[in-house]
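Participant: One structure coming up, written as structure tokens, with questions to follow.
Values in this text are rule-based calculations from the coordinates and carry no lab data. Note that the coordinates shown come from a computational prediction; the quantities given were computed from them, not determined experimentally. For neighbour counting, all protein chains shown are included, and Cβ atoms are generated from backbone atoms with ideal geometry for every residue, glycine included.
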């Protein structure tokens, strides 16, 4: 078994690559904005955090699959611990409102339909306060090499961008944009999710279109490699 610790010294090249992309897209965005000075600048919508104490009273049904602190024990059930609140809240809303469907969540959907938006924010706040457990990637040299390449640098020929552009070098995501933390996430869940994006079965939310366009270019083996690498990734 293999745990991937992406320390800063070891990943200077990765950070350099990431910064190049960041500067490029920032510059491109600035040029685009300059084309139309009359356009109103859209700032990211602020997110009001929920109440973790209130959330603790609402998660008894969730604990059976996701664990009392959000660290699931099954590879097919996602870890919710340490996840950013915006992402969790949005996904809970999708499930409650019928925009996102998953066979493993069907039994919980009726309960979610009894909850308000504020209740969902409180649940998100509850799980976000915990630390996610560290995963262990398979120590398979070929699988790890491919997973590392795809996650850090993508594949230009196949039009697969680096995962770091949205999920960061260490996998903590982007809480402001609502991009999820994926470091240490369960292998089974990562695999099924990427395949669901590839088949367009998962299509709730604007970010799903981005993920669909990426996943459609991934083979089964590349998905396995990414899932393995991400499972062992931690800060």
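Participant: Based on the alpha carbons, how large is the Rg to Rh ratio for region 134-234 when Rh follows Kirkwood?
Facilitator: 0.93
Participant: Here's something else I'd like to know. What number results when the radius of gyration of region 139-191, computed over Cα atoms, is divided by 2.2 N^0.38 Å? Please report the intermediate quantities before stating the final value.
Facilitator: On the way: Rg = 11.8 Å, N = 53, 2.2 N^0.38 = 9.9 Å.
In units of the globular-protein estimate, region 139-191 measures up at 1.19.
Participant: If you don't mind, there's one more thing I want to ask. Packing-wise, with mean Cβ within 10 Å as the measure, how do 102-108, 201-207, 147-153 rank, highest first? Before the final figure, lay out each step's value.
Facilitator: On the way: 102-108: 13.0, 201-207: 15.4, 147-153: 20.6.
Taking the mean over residues of other Cβ atoms within 10 Å, the ranking is 147-153, 201-207, 102-108.
Participant: Next question, about the same structure. In units of 2.2 N^0.38 Å, what is the alpha-carbon radius of gyration of region 52-128?
Facilitator: Values: Rg = 11.2 Å, N = 77, 2.2 N^0.38 = 11.5 Å.
Cα Rg divided by the expected 2.2 N^0.38 Å: 0.97.
Participant: Rank by packing, highest mean first: peptides 223-232, 129-138, with packing defined as the count of other Cβ atoms within 10 Å averaged across residues.
Facilitator: Numbers: 223-232: 24.6, 129-138: 17.6.
Final packing ranking: 223-232, 129-138.
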